[in-house]
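Okay, so here's the structure we're looking at.
The values are calculated or read from the model by the stated rules, or taken from the named source; none is laboratory data. These numbers come from a predicted model, not from an experiment. Note that we place each Cβ from the backbone using ideal geometry, even for glycine, and neighbour counts take in every protein chain shown.
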Amino acid sequence: MRILRYRNLNKFQYRGLRGLGERICLPPGGDREAKHVFADRQRGDNPYGSNPEGVILITGACGMLGRDLVEALSKENEVVGLDVKKPGFRLQAAGFIKADITNKEEIIKVIRDEKPEIVIHAAAYTDVDGCEQNENLAYRVNGTGTQNVVLACKECKAIIAYISTDFVFDGEKKEPYLESDKPNPLSVYGKSKLEGERHVSSLLDRYFIIRTSWLFGKHGKNFVNTILKLA
């Protein structure tokens with residue numbers, strides 16, 4: 001994982017986002033800044049978010065990544081899961097909301113009511129081949145859906161962690177890609193996820209964009225399971 005941007009995190013936001021991985025870090029001089037922000041928050045001053053309890057809302061909570069994020073972050077945080085479908089399993093979250101991110105009014109109302117400190121936006125149409133066959137759906141979910149979530153975060157002053165993909169690059173570079181490299185997606189999936197990134201970066205001042213590669217875990221279909229079945 002790589003973090004593209006980080007700005008003005010309070011202690012709840014920093015603690016919650018650390019659960020995503022060990023590569024989350026503060027900028028130069030961040031230790032002093034963090035102590036100052038943390039001290040302000042302990043006095044009851046919460047300039048960065050609207051909920052002093054530090055609620056984390058995770059979209060796509062029923063997916064492979066979302067489910068694992070809910071499980072990991074619920075150990076030390078109040079987590080609310082959100083998905084377009086109800087979970088067919090016991091979701092380890094403080095609450096669950098059935099909502100569609102492509103419905104602008106619905107998603108804005110949900111996030112407005114929950115007032116989360118952090119929104120981890122993991123909901124997406126991730127079927128690469130399916131995106132090629134259903135281009136409109138890909139852009140509606142990964143582009144417009146992300147824009148709706150971003151607008152809701154902007155209204156309630158929540159910080160967003162947007163789960164993106166290395167498909168925003170063309171894969172031609174011989175060395176590892178850097179955050180500063182120019183995206184050049186070749187697939188509909190990559191293009192639609194890049195559109196989501198642009199909504200995040202153009203509409204918000206405080207955000208994380210996390211570009212992942214192959215994901216694997218104990219829930220759902222993944223690359224490792226596919227290879228094992230083909231072996």
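A quick yes/no check of all residues on (1) touching a strand residue (DSSP E or B) at 6+ places or on another chain (Cβ under 9 Å); (2) in a helix (DSSP H, G or I):
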{"position": "Thr146", "(1), (2)": "yes, yes"}
{"position": "Glu155", "(1), (2)": "no, yes"}
{"position": "Lys173", "(1), (2)": "no, no"}
{"position": "Gly190", "(1), (2)": "yes, yes"}
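Out of the range 55-85, which residues are modelled with pLDDT under 90 and over 20 Å from Gly220 (Cβ atoms)?
Of everything in the range 55-85, those that are modelled with pLDDT under 90 and over 20 Å from Gly220 (Cβ atoms) turn out to be Lys75, Glu76, Asn77, Glu78.
How many residues are within 14 Å of the chain's Cα centre (by Cα), in contact (Cβ under 8 Å) with a residue 40 or more places away in the chain and over 17 Å from Ala152 (Cβ atoms) when one looks only at the range 180-196?
Looking only at the range 180-196, we keep the residues that are within 14 Å of the chain's Cα centre (by Cα), and these are 193-194, 196.
Cutting the leftovers down to in contact (Cβ under 8 Å) with a residue 40 or more places away in the chain gives us 193, 196.
So of that shortlist, the ones also over 17 Å from Ala152 (Cβ atoms) come out as 193.
Number of matching residues: 1.
Give the residues of the range 70-121 that are of a type in the set (Gly, Ala, Ser) and within 14 Å of Thr146 (Cα to Cα), sorted by residue number.
Scanning the range 70-121 gives a single hit, Ala99.
Tell me, yes or no, whether the range 187-209 has at least one residue that is polar (S, T, N, Q), at pLDDT below 80 and under 16 Å from Ala124 (Cα atoms). Reasoning before the result, please.
Start the filter on the range 187-209 by keeping residues that are polar (S, T, N, Q), which leaves 187, 192, 201-202.
Restricting the remaining residues to those that are at pLDDT below 80 gives none.
So far as the range 187-209 goes, no, none of its residues is polar (S, T, N, Q), at pLDDT below 80 and under 16 Å from Ala124 (Cα atoms).
Between Leu151, Leu178, Leu228, which is modelled with pLDDT of 95 or more and either surrounded by fewer than 14 Cβ atoms within 10 Å (Cβ to Cβ) or out of contact with any Phe, Trp or Tyr (no Cβ under 9 Å at 6 or more places or on another chain) (or both)? Talk me through it step by step, then tell me what you get.
On the way: Leu178 fails: modelled with pLDDT of 95 or more; Leu228 fails: modelled with pLDDT of 95 or more.
Of the residues listed, the single one that is modelled with pLDDT of 95 or more and either surrounded by fewer than 14 Cβ atoms within 10 Å (Cβ to Cβ) or out of contact with any Phe, Trp or Tyr (no Cβ under 9 Å at 6 or more places or on another chain) (or both) is Leu151.
Scan the range 199-219 residue by residue and report those that are part of a helix (DSSP H, G or I) and buried (at least 16 other Cβ atoms within 10 Å of the Cβ).
If the condition is that a residue be part of a helix (DSSP H, G or I) and buried (at least 16 other Cβ atoms within 10 Å of the Cβ), then His199, Val200 are the ones that fit.
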